[in-house]
1. Post the alpha-carbon centroid distance, region B:207-224 to region B:47-86, in whole angstrom.
2. For chain B, set up a GNM with springs between Cα atoms under 10 Å and report which of B:14, B:93, B:139 has the largest fluctuation.
3. Taking region B:1-100 as the region of interest, what is the percent of Cα-Cα pairs per 10 angstrom bin, listed from the shortest bin to the one with the maximum distance?
4. Average the reciprocal distances over every distinct pair of alpha-carbons in chain A, invert the result, and give the Kirkwood radius in Å.
5. From the C-alpha coordinates alone, can you work out the Kirkwood hydrodynamic radius of region B:176-260, in Å?
6. What share of the DSSP beta bridges in the protein assembly as shown is antiparallel, in percent to the nearest 5?
7. Pick from B:81, B:92, B:242: which is most flexible by mean-square fluctuation in a GNM of chain B where alpha carbon atoms under 10 Å apart are linked?
8. Over all directions, what mean area does the Cα convex hull of the protein assembly as shown project, stated in square nanometres?
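What follows draws every value from the coordinates through simple rules; no lab data is involved. This structure is a prediction, so every number in the text was calculated from the model and none was measured. Ideal geometry is used to build each Cβ from the backbone, glycine not excepted, and the neighbour counts take in all protein chains shown.
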């Protein structure tokens, strides 16, 4: 089963520069053209299943607007990494 | 049979603690934000926040003190290394770093940076090189590439008239007082990770008292280069890296000894 992850984009910080859109290896991020942030930018959002929580979008994000989550299966043999 | 256990949720990435909640004033896609975040992460991970004093420059990053959740002072244009020298000499137990752009460091602040390095001051300098004056509206900087169009060189930088770009890292590496001088880039994820490691080493140099350390980071300026954010990252890779090669110009052997 593929690893399941997701991102949360902070509207206060996202400036719609779209660097995460081009960086995402799964191509599941796009700018939300139906919505504007309080600063007037179209924020990035997840558009599809398939996010693995690799955090590439968060590393390229110049505004630290993205928080990345990942599901860790409890029966995994690998010891969970420390946070 | 029991129901399958609910998977745990792990936070893979979040805003570093050393960041305030303020949104930066940088243009969308400007890699100043990435550089800020890397510094905040490194300081968090090394546990230096309580004893770090940053020195903000004049330039786009003039408000850097608002975004870092630590002590900061604002220096006059180009004089951040001089100010950092004073702070470090009075408070040698504190970690002192300056954050400077290319207009600040390589132009008006040339004397201060050269002499701080020559004296071997035990400070860390983060040098953001985006080949242009960002804050004042995109004029030619000492680091502007030959042929590059700016508002003060509208037909491209003419090397016969205005000379060649200055390579700060190479120059500073010739000084005996320096401990760690490297150049990294912020144009993709791989290079951002390398830049973070370099910042670790730079702060480590200071913590061990091995002399002056500087990390030069090739950055983008989508607004003044007049190209979109992802194209400006390509511009760094294609145009800037050949002129400013990414390399370790000086690494004190003490640094590699213990790590190996």
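1. 13
2. Result for chain B, Cα springs under 10 Å: B:14 fluctuates most.
3. 15, 41, 25, 8, 6, 4, 1, 0
4. 13.5 Å is the Kirkwood radius here.
5. Details: mean 1/r = 0.0725 Å⁻¹.
Roughly 13.8 Å, rounded to one decimal.
6. Working: 19 of 45 bridges.
Percentage antiparallel, nearest 5: 40.
7. Between B:81, B:92, B:242, it is B:242 that shows the largest mean-square fluctuation.
8. 19.7
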